[in-house]
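The values are calculated or read from the model by the stated rules, or taken from the named source; none is laboratory data. Since we're looking at a predicted model, the values are computed, not measured. Note that we place each Cβ from the backbone using ideal geometry, even for glycine, and neighbour counts take in every protein chain shown.
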Amino acid sequence: MSAAPPAPAEIKTKIAEILAKSPWEMTPVIARQVGVPEIEVLRNFPGDAVVELDASKVQEIIRALADLGRVHVIASNEGCTLEAYGEFGGFSVTGPFFNVQTKTLDMHIRHMALKGVFAMIKPSHQDGQQTFSIQFFTERGSAAFKVFLYKSVSEAQGGEVDAAIAKWESIRSTYKL
């Protein structure tokens, strides 16, 4: 018999305790420690570092990612984690797939399965550098894919950093629930 899931107040408390000790901890690791789907970690993240976006506009949000330029995309499941660097664009819809097809990214997204979208600011687990991401989740609460701005920001020069963050902030404010 499995243990009952934690109560909502307990979830918030546990997440806050973990982040107080390790502010850079990855959200899937926190989810395992707390015993909840990863989407619940984002929904219960302390402060204003996470904003839930309007998942009914998932295609619009994905299209807006083209404005960010070169990004770091992570797709992970129980058997594999894939990381890619590239630019969003070349959008089309074929059957159940919303397609992203550029020279650097080739994604076939089952957009109807995406039920949660979040904009998050958090220190990187690798170097503590501030990360800016847009994260997409399935109905079961697992991450479908995550799009990080920080790799492209760290490689940008001068005003490009501010411009990229401003575009990310525009997506966050435009689609905020």
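Structure values in brief
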quantity: Looking only at segment 44-62, and only at residues there that are free of Cβ contacts under 8 Å to residues at least 24 places away in the same chain and at negative phi, the one that is surrounded by the fewest Cβ atoms within 10 Å (Cβ to Cβ); calculated: Asp48
quantity: Which numbered condition Phe45 fails, given (1) more than 15 Å from the chain's Cα centre (by Cα); (2) at pLDDT below 95; (3) within 17 Å of Lys176 (Cβ to Cβ); calculated: (1)
quantity: Candidates Ile11, Ile30, filtered to the one that is without any contact (Cβ under 8 Å) to a residue 60 or more places away in the chain, within 17 Å of the chain's Cα centre (by Cα) and surrounded by 13 or more Cβ atoms within 10 Å (Cβ to Cβ); calculated: Ile30
quantity: Which numbered condition Ser56 misses (of (1) modelled with pLDDT of 95 or more; (2) among the polar types (S, T, N, Q); (3) not assigned by TED's automatic domain parsing to the domain that holds Phe145); calculated: (3)
